[in-house]
Amino acid sequence: MPRFNVLVVDDETKMQRILEIMLQEMDLDVVRADNGQAALEVMKSEPVDLIITDMRMPVMDGIELVRTLHEQGGAPPVIVITAHGTVASAVEAMRLGAIDYITRPFAVEDVELAVRRALNLRQVQRENEFLRDELAHGWADFIGRSAPMRELYDLITTVGPSPVPVLVVGETGTGKELVARAMHAASGRDGLFVPINCAGIPETLLESELFGHVRGAFTGATGERAGKFEISDGGTLFLDEITEMPVTLQTRLLRVLQESTIERLGSNRRIELDLRIIAATNRDPLEAVADGRLREDLYYRLNGFRIDVPPLRERGEDVVLLAEHFLDAHARRMNKPVPELPPAARRMLAACKWPGNVRELENLMGRVVLLAGASDIETILAREPGAPAPAAADQAGADADLRLQPRVDALERELIGIALANADDNKAKAARALEISERTLWYKLKKFGLRK
């Protein structure tokens, strides 16, 4: 069980200490408060994953504490402790939002069971909070105006709202997960976007991660746990590197696709699901089928629609756009000035083959920001494997850079100025008129020195 912080609320110091010892035996961190009001003060400065509170306390009792937490929203799970004669009060507390109650006197096993149930719920809440943050990405992370990217945007917009499974194919570092996130954002589904890397988790753990388990399903399964299938119910499950999934699990996945139901490990109870599956691979899927890495019947199930993500070397003008974006992002993160890309460096970037694609470019721009004060950018770029020498880059790209790019930039600057004037300097309205995101508009305002 991951590390959790439990808040014990009781006006009796002896009971606080008893519960603290029991919880520490479960390898949990414990903080204490004497009443409900003190508990609320503790929560302002301490992260709390679970609250165990007595019912009868001065200043603010357990009922009022539960009611206040419910009104504030986003509270951790609450377990109330009550005497036999006040079970009705515990029921009232559960109506207000508590998830369980324990009657006094209690056995150690009763406390452990209630705590483990509550912390399993808290773990799911943690995952959901993380995934909701991740969901905030989507379209905003796409940068590119090349023809292959415009075609990709059209496919995402067209296929995104449909329920069909999608297979995303592309080289390592091309942004397959970004495509999947954008598909989810376009789907209109209320549920979460849940990613899982099939290549990064051992087979035994991957099965539990996907399907969940019940208590006692295997050694160490001390409680119930929802898997990624359940967490993504109503949303999208993204299976990255699907060709690396063990064939035995591919068989179970095929059944999920056919029946839209799962069974947790160790359970016979079927759970119905409504989710969309997007899978991705950096291999040729048909070759993976021929090599026995991917079941043929699963391939046809996943391949409701195929989207190929273009490699960076085919995206032309996007290379410099992305480089400038990453320079800005790394400089802000490192609190350093943003390096300017001289014409020779731009030509070198455009001529590079980029075997690691966008991820390689992002990492390289991080090194440029780190080393910009100690070496010129062309020298830094020349150290990159596969990068052309400056002279070769000049020969390959000088004409296009010297004649085309300045004219494109001038036209963009002029159109942005017109849009801002027509919108009375309203950035959101101008972005809509230009048919770009507001984030892209701010980026271009900075690029062209128009922010003031």
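Here are the numbers for this structure:
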read-out: Residue list for region 257-290, filter: assigned to a helix (DSSP H, G or I), open to solvent by 10 Å² or more (accessible area, probe 1.4 Å) and touching a Phe, Trp or Tyr at 6+ places or on another chain (Cβ under 7 Å); value: Val289
read-out: Test set (1) modelled with pLDDT under 90; (2) under 23 Å from Phe4 (Cβ atoms); (3) open to solvent by 20 Å² or more (accessible area, probe 1.4 Å) - Ile102 fails condition number; value: (3)
read-out: Members of region 93-112 that are closer than 16 Å to Met22 by Cβ and under 31 Å from the mean Cα position of the chain (by Cα); value: Asp100
read-out: Tabulated pairs, region 157-184, first under 20 Å from Glu244 (Cβ atoms), second of a type in the set (Ser, Thr, Tyr), C-beta under 9 angstrom, 6+ apart or interchain; value: Leu167/Thr281; Leu167/Tyr299; Val168/Thr281; Val169/Thr281; Gly170/Thr281; Lys176/Thr281; Ala180/Thr236
read-out: Region 318-335, subset charged (D, E, K, R) and either buried (at least 19 other Cβ atoms within 10 Å of the Cβ) or touching a Leu at 6+ places or on another chain (Cβ under 9 Å) (or both), residue nearest to Leu178 (Cα to Cα); value: Asp318
read-out: Scan of region 76-95 for residues that are closer than 23 Å to Glu46 by Cα and either at pLDDT below 80 or assigned to a strand (DSSP E or B) (or both), ordered by number; value: Val78, Ile79, Val80, Ile81
read-out: Pair list, Cβ under 8 Å, 6 or more apart: region 431-444 residue in contact (Cβ under 8 Å) with a residue 24 or more places away in the chain and within 16 Å of Tyr153 (Cα to Cα), other residue of a type in the set (Gly, Ala, Ser) and crowded, with 17+ Cβ neighbours inside 10 Å; value: Ser437/Ala431; Thr440/Ala431
read-out: Cβ pairs under 9 Å, 6+ apart, first in region 412-430 and open to solvent by 70 Å² or more (accessible area, probe 1.4 Å), second assigned to a helix (DSSP H, G or I) and among the basic types (Lys, Arg); value: Arg413/Lys444; Arg413/Lys447; Asn422/Lys429
read-out: Single residue of Thr243, Thr236 found to be more than 24 Å from Gly266 (Cβ to Cβ) and touching a His at 6+ places or on another chain (Cβ under 7 Å); value: Thr236
read-out: Residues satisfying the stated conditions in region 137-196, i.e. among the aromatic types (Phe, Trp, Tyr) and outside any loop (DSSP other than H, G, I, E, B); value: Trp139, Tyr153, Phe193
read-out: Verdict on Arg252 being part of a helix (DSSP H, G or I), more than 13 Å from Leu210 (Cα to Cα) and open to solvent by 20 Å² or more (accessible area, probe 1.4 Å); value: no
read-out: Residue in region 1-55 that is surrounded by the most Cβ atoms within 10 Å (Cβ to Cβ), counting only those that are among the polar types (S, T, N, Q) and within 31 Å of the chain's Cα centre (by Cα); value: Asn5
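The values are calculated or read from the model by the stated rules, or taken from the named source; none is laboratory data. Because the structure is predicted, anything quoted here is derived from the model rather than measured. No Cβ is skipped: glycine too gets one built from the backbone with ideal geometry, and neighbour counts run over all protein chains shown. Surface areas here come from the heavy atoms of the whole protein model, side chains and all, with no ligands, DNA or RNA. Shrake-Rupley method; radii C 1.70, N 1.55, O 1.52, S 1.80 Å.
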